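Chemist: This is the structure I have questions about; it appears just below.
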Amino acid sequence: MHAADGSCCDHDHSHGPKHIYIYSPSGAVRDKAAFRRGVQRLQTLGHDVEVDPDALSSQQRFAGDDATRLAAIHRAAASGADVALISRGGYGLTRILPGIKYKAVAKAIAKGTQFVGLSDFTAFQLAMLAQTGATTWAGPALNADFGVDAKDGGEVDDIMLDCFEDLLSGQGEGAGWQMPRIGELPNGKPQLKDFYVPGGATLWGGNLAVLVSLLGTPYFPQIEGGILFLEDVGEHPYRIERMLTQLLLSGVLARQKAIVFGQFTEFKLGSHDKGFKLQTVIDWLRMQVRRPVLQGLPFGHVPTKVLLPVGAQVSLSVEGRDALIYWGHGH
C-alpha cells in the first residue's frame, strides 16, 4: 500500500505493456503540449496508448458536442483497453448522463477495462454506480498528472505513478495516510477516536460540487453504510459548508459509516471571513454527524494522489493519526 509519506508497497511492477485508451468526455483540451507529453510518458513507461479520434475536439468549452463526447465514452468501452483514462475534467458529463449506454460500459468493466479519472468524472462514476453497481477508479487524468512539464520543474508524482502501476498490475490493495494533528472540538469532546469499519462498506464519492449536483436524480447512488470521500478545487469554505449542509439535511451523511476529506485546494480567504476557514467547516460538521470525519486523504486536485475504487467494498481503520482504507484480498 502507498502512504502519503512516499513509502511504497514493495510490489513488483514489472508487468507487460498495457493498452491505455485516452478520451475526452468533459472539457476541451486547451493545453495540447501537456496532452502530448502525457501520451509520450505513458509510452515511455512501455504502454500501448490509443488516442480517441475526438480527444482533441472542441466546441465552446467542451471536447466536442454532446453526441461526440458520448461516442467517445462508448468507443472507450468498446476498445478492449486495460485502462480508459480521461484527458482532463472541467465540465460536461452531467449533461450527457442520460445518453450513456450503462450496460455496455458495465460489460466492458466486467471484461477488464478500468475507467479512471477525477473531478467532473465524478458524475460518470456515480452514475455508473447508481445505474449498474460497477466499480470505477478515482485517480489521475492525462494532462494534469502525466503531462507535467519537466522544463518547469514538474515531475510525475511517484506515489500517484506507483498507485497507477498497482492498478495496471492488479496489485492495489489499499491506501494509507497520516491525518493532520487534531485536538478538541469547540464543545470540548475529542475530534476522533480509534475505530474500525470491517469489509462490506461501499467506498464512494469524489468531487463535492459534482456529487451534490446529482442529488435527487437517478444518477445519485443510494448508499447505506458507506465510506464517503470528498474533494474539491476553487471552492471557498462557506460554499463547501453549504454543500455539506445539503448532504446533511438530505440524510446522506447520516447513512454513512464515515466521511473522509481529501484535498480542498485553490480557494482564497477574504477579510470578511474573520477566522472562518476550512477547518472551521470540518469541526462544525463533526458536531452535526454521529459519524467519524477523517481528514488528509491524499486525493484531489493535487499531484500526490492515491487511486480509489469507487463502488468497491472496503474496510477502514483509524489508530491515532494513521488511517487505512483497504480493499485487498481478505480485508
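The values are calculated or read from the model by the stated rules, or taken from the named source; none is laboratory data. The structure displayed is predicted, hence computed values, not measured ones. So basically every Cβ, Gly included, is an ideal-geometry build from the backbone, and we count neighbours across all protein chains shown. Note: accessible area is taken over every heavy atom of the protein model, side chains too, but ligands, DNA and RNA are not part of it. Shrake-Rupley method; radii C 1.70, N 1.55, O 1.52, S 1.80 Å.
Chemist: Given charges of +1 on the Cβ of Lys and Arg and -1 on the Cβ of Asp and Glu, with all other atoms neutral, how large is the dipole of the chain about its Cα centre, in debye to the nearest 20?
Modeler: The dipole magnitude comes to about 1100 debye.
Chemist: Ok, one more. Once you keep just the Cα pairs under 8 angstrom separated by 6 or more residues, what percentage relative contact order results for the chain?
Modeler: Numbers: 704 pairs, mean separation 67.8, N = 331.
Computed over the chain, the figure is 20 percent.
Chemist: Here is a follow-up. Report the Stokes-Einstein translational diffusion coefficient (µm² s⁻¹, integer) for the range 12-108, Rh taken as the Kirkwood radius over Cα pairs, at 4 °C with viscosity 1.567 mPa s.
Modeler: D = 93 µm²/s.
Chemist: Which value in deg cm²/dmol, rounded to the nearest 500, describes the helix-derived mean residue ellipticity at 222 nm for the chain, given -39,500 (n - 2.57) per DSSP H run of n ≥ 4 and division by the residue count?
Modeler: Numbers: 8 runs with 89 residues, N = 331.
Calculated mean residue ellipticity at 222 nm is -8000 deg cm²/dmol.
Chemist: Using just the C-alpha positions of the chain as equal point scatterers, what log10 of I(q)/I(0) does the Debye formula give at each q in 0.07, 0.09 1/Å?
Modeler: -0.27, -0.45
Chemist: Report the residue, chosen from A76, A108, A67, that carries the largest GNM mean-square fluctuation when the chain is represented by alpha-carbon nodes joined by springs under 10 Å.
Modeler: So, out of A76, A108, A67, the one fluctuating most is A67.
Chemist: Can you figure out the FRET efficiency of L185 with K268, using R₀ = 22 Å and their beta-carbon distance, to the nearest 0.05?
Modeler: That gives a FRET efficiency of 0.25.
Chemist: Would you be so kind as to identify which of L185, G251, L308 lies farthest towards the positive end of the dipole of the chain, taking Lys and Arg as +1 and Asp and Glu as -1 on Cβ and the Cα centre as origin?
Modeler: Looking along the dipole axis, the top candidate is G251.
Chemist: Who wins for biggest fluctuation among K111, K257, K18 in a Gaussian network model of the chain, springs between alpha carbons below 10 Å?
Modeler: Residue with maximal mean-square fluctuation among K111, K257, K18: K111.
Chemist: Would you check the accessible area of T135, probe 1.4 Å, heavy atoms only, in square angstrom rounded to 10?
Modeler: Accessible area of T135: about 40 Å².
Chemist: At a 1.4 Å probe radius, carbon and sulfur cover how many percent of the accessible area of the range 216-313?
Modeler: In the range 216-313, the share of accessible area belonging to carbon and sulfur is 52 percent.
Chemist: Dipole size in debye (nearest 20) for the range 53-130 around its Cα centre, Lys and Arg Cβ +1, Asp and Glu Cβ -1?
Modeler: With only Lys, Arg, Asp and Glu charged at Cβ, the dipole is about 180 debye.
Chemist: In the range 203-296, which GluC sites (Glu not before Pro) are in a loop and have at most 16 other Cβ atoms within 10 Å, using DSSP for the loop call?
Modeler: Loop-located and lightly packed - E224, E266.
Chemist: Looking at the range 131-203, which GluC sites (Glu not before Pro) are in a loop (DSSP not H, G, I, E or B) and have at most 14 other Cβ atoms within 10 Å? Before the final figure, lay out the partial values.
Modeler: Numbers: sites: E155, E165, E173, E184; in loops: E155, E173.
Qualifying residues, ordered by number: E155.
Chemist: About its Cα centre, how strong a charge dipole does the range 24-181 have in debye, to the nearest 20, once Lys and Arg get +1 and Asp and Glu get -1 at the Cβ? Let's see the in-between values first.
Modeler: Working: 16 positive and 19 negative charges, 134 e Å.
Value, rounded to 20: 640 debye.
Chemist: Name the lysines eligible as straight-distance cross-link partners of K151: C-alpha to C-alpha under 26 Å, and not fewer than 8 places from it in the same chain.
Modeler: Filter leaves K32, K305.
Chemist: Heavy-atom accessible area of T44 with all protein chains present, probe 1.4 Å, nearest 10 Å²?
Modeler: Rounded to the nearest 10, the figure is 110 Å².
Chemist: Something else now. Quick one: in the range 164-301, what % of C-alpha pairs are over 22 Å apart?
Modeler: Numbers: 3876 of 9453 pairs.
More than 22 Å apart: 41 percent of the Cα pairs in the range 164-301.
Chemist: Averaged per residue, what accessible surface does the range 56-95 expose to a 1.4 Å probe, in Å²? It would help to have the intermediate numbers written out before the result.
Modeler: Values: 1610 Å² over 40 residues.
Counting only protein heavy atoms, the per-residue value for the range 56-95 is 40 Å².
Chemist: What FRET efficiency would be calculated for the residue pair T217, L248, taking the C-beta separation as r and a Förster radius of 22 Å, to the nearest 0.05?
Modeler: Working: r = 19 Å, r/R0 = 0.85.
Given R0 = 22 Å and the Cβ-Cβ separation, E is 0.75.
Chemist: Determine the share of the range 53-93's accessible area contributed by carbon and sulfur atoms, expressed in whole percent, with a 1.4 angstrom probe.
Modeler: 46
Chemist: Enter the accessible area of R61 (Å², nearest 10), with the probe set to 1.4 Å and all protein chains included.
Modeler: 140
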